[in-house]
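Visitor: Once you've had a glance at the structure underneath, I'll fire off some questions.
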Amino acid sequence: MSAEITARPKVRPRKRTNDPEGLRKRVLDVAEASFQARGYHASSLGDLMAAAGVTGGALHHHFPTKKALALAVIEERVAAAVEETWIAPLQAAGSAREGVRSVFEAVATELEQQCFVRGCPLNNLAHELSLADPDFRAALAAIFSAWREAIADKIRADQQAGREQDTDPQRFAALAVATYSGAMSMAKTTQDSGVLRDCLNALGQGASPASSSKGGAVAKRRRRVLRQHRVV
């Protein structure tokens, strides 16, 4: 009888397949795309789980509620989109106006190439969620505020360099953000990015002292009429 013992093959340890960060990223990817394409209210958790290929337990481990998921999309993805599209290029530009122009032109060119306008991510959610919940409103307002402040800071830097002495930083920032946001809403509605270039040209023209004075007089008359009719 043989005393030889057959050696058992060594069992290699299994590779860990659990990837919580990857799962979280996948859920955010799906939620971000769905909220932009369909809207927050039309995106059910069931649809999001199916699209991301995750279970309810896995989803709720990272995002206990749909609201928590939406806040993560706003604070992580939408804020990052504004940073990448607007704030970083603006800060790298030679001047505030140069930065604003470069962003408008870059976005218009990209939209023309893809032949589809989905709209501004911040705008899309702001229209839907600002009145739905105070936490949503605060998160969205914080991004708008950071965006405006970045433009205003660039104007202040220009002023320190001897430029833009007659420009109010906060008003210019508000005008740039409002113009871009409105143009993107119009472009989304018409599926035509040409309005971005139209608005950019109007921004660049500015207003002469004479036209500003005339505009101020018109505004005063309008306020008088509104007060008379107790509208304001």
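The values are calculated or read from the model by the stated rules, or taken from the named source; none is laboratory data. Since this is a predicted model, take the numbers as computed values, not measurements. Backbone-built Cβ (ideal geometry, glycine too); neighbour counts: all protein chains shown. Areas reflect the complete protein model, heavy atoms only, side chains present, ligands, DNA and RNA absent. Shrake-Rupley method; radii C 1.70, N 1.55, O 1.52, S 1.80 Å.
Visitor: Inside segment 84-134, can you point out the residues that are polar (S, T, N, Q) and touching an Asp or Glu at 6+ places or on another chain (Cβ under 8 Å)?
Guide: Start the filter on segment 84-134 by keeping residues that are polar (S, T, N, Q), which leaves 85, 91, 95, 102, 109, 113-114, 123-124, 130.
Scanning segment 84-134 gives a single hit, Ser95.
Visitor: Then there's this: Checking Ala50 against (1) surrounded by 13 or more Cβ atoms within 10 Å (Cβ to Cβ); (2) free of Cβ contacts under 8 Å to residues at least 12 places away in the same chain, which test does it fail?
Guide: (1)
Visitor: Might you check whether a residue that is within 25 Å of Ala187 (Cβ to Cβ), assigned to a loop (DSSP other than H, G, I, E, B) and at pLDDT 95 or above occurs anywhere in segment 43-58? Show your work before the answer.
Guide: The initial filter retains those residues of segment 43-58 that are within 25 Å of Ala187 (Cβ to Cβ), namely 43.
Checking the rest, the ones that are also assigned to a loop (DSSP other than H, G, I, E, B) come to 43.
If we keep only those that are at pLDDT 95 or above as well, we get 43.
There is at least one residue in segment 43-58 that is within 25 Å of Ala187 (Cβ to Cβ), assigned to a loop (DSSP other than H, G, I, E, B) and at pLDDT 95 or above.
Visitor: Quick one: which residue in Phe104, Phe116 is aromatic (Phe, Trp, Tyr), part of a helix (DSSP H, G or I) and under 26 Å from Phe35 (Cβ atoms)? Before you say what the answer is, go through the steps one by one.
Guide: On the way: Phe116 fails: part of a helix (DSSP H, G or I).
Matching residue, one of Phe104, Phe116: Phe104.
Visitor: Also, I was wondering about something else. State which residue pairs qualify: first residue on the phi > 0 side of the Ramachandran plot and inside segment 61-89, second residue among the charged types (D, E, K, R) in any location, beta carbons under 6 Å apart, and separation of 6 or more residues or different chains.
Guide: none
Visitor: Now, a different point. Please go through segment 152-168 and give me each residue that is open to solvent by 20 Å² or more (accessible area, probe 1.4 Å) and within 26 Å of the chain's Cα centre (by Cα), ordered by number.
Guide: Residues of segment 152-168 open to solvent by 20 Å² or more (accessible area, probe 1.4 Å): 153-154, 156-157, 159-168.
Once the filter is applied, which keeps residues that are open to solvent by 20 Å² or more (accessible area, probe 1.4 Å) and within 26 Å of the chain's Cα centre (by Cα), segment 152-168 yields Asp153, Lys154, Arg156, Ala157, Thr167, Asp168.
Visitor: For segment 71-106, name all the residues that are among the basic types (Lys, Arg) and either open to solvent by less than 40 Å² (accessible area, probe 1.4 Å) or farther than 27 Å from Leu129 by Cβ (or both).
Guide: Step one: of segment 71-106, the residues among the basic types (Lys, Arg) are 77, 97, 101.
Correct list: Arg97, Arg101.
Visitor: Further question on the same structure: Would you check if there is a residue in segment 82-90 being part of a helix (DSSP H, G or I), charged (D, E, K, R) and farther than 25 Å from Ala139 by Cα?
Guide: Step one: list which residues in segment 82-90 are part of a helix (DSSP H, G or I), which gives 82-90.
Cutting the leftovers down to charged (D, E, K, R) gives us 83-84.
Restricting the remaining residues to those that are farther than 25 Å from Ala139 by Cα gives none.
Checked segment 82-90: no residue is part of a helix (DSSP H, G or I), charged (D, E, K, R) and farther than 25 Å from Ala139 by Cα.
Visitor: Given (1) more than 22 Å from Arg197 (Cβ to Cβ); (2) touching a residue at least 40 places away in the same chain (Cβ under 8 Å); (3) touching a Leu at 6+ places or on another chain (Cβ under 7 Å); (4) basic (Lys, Arg), identify the lone condition not met by Lys154.
Guide: Every condition holds for Lys154 apart from (1).
Visitor: Moving to a separate point now. Filter segment 176-195 down to residues that are among the hydroxyl-bearing types (Ser, Thr, Tyr) and buried (at least 22 other Cβ atoms within 10 Å of the Cβ), then give me how many there are. Reasoning before the result, please.
Guide: Of segment 176-195, the ones among the hydroxyl-bearing types (Ser, Thr, Tyr) are 179-181, 185, 189-190, 193.
Now drop any that are not buried (at least 22 other Cβ atoms within 10 Å of the Cβ), which leaves 180, 193.
Counting residues in segment 176-195 that are among the hydroxyl-bearing types (Ser, Thr, Tyr) and buried (at least 22 other Cβ atoms within 10 Å of the Cβ) gives 2.
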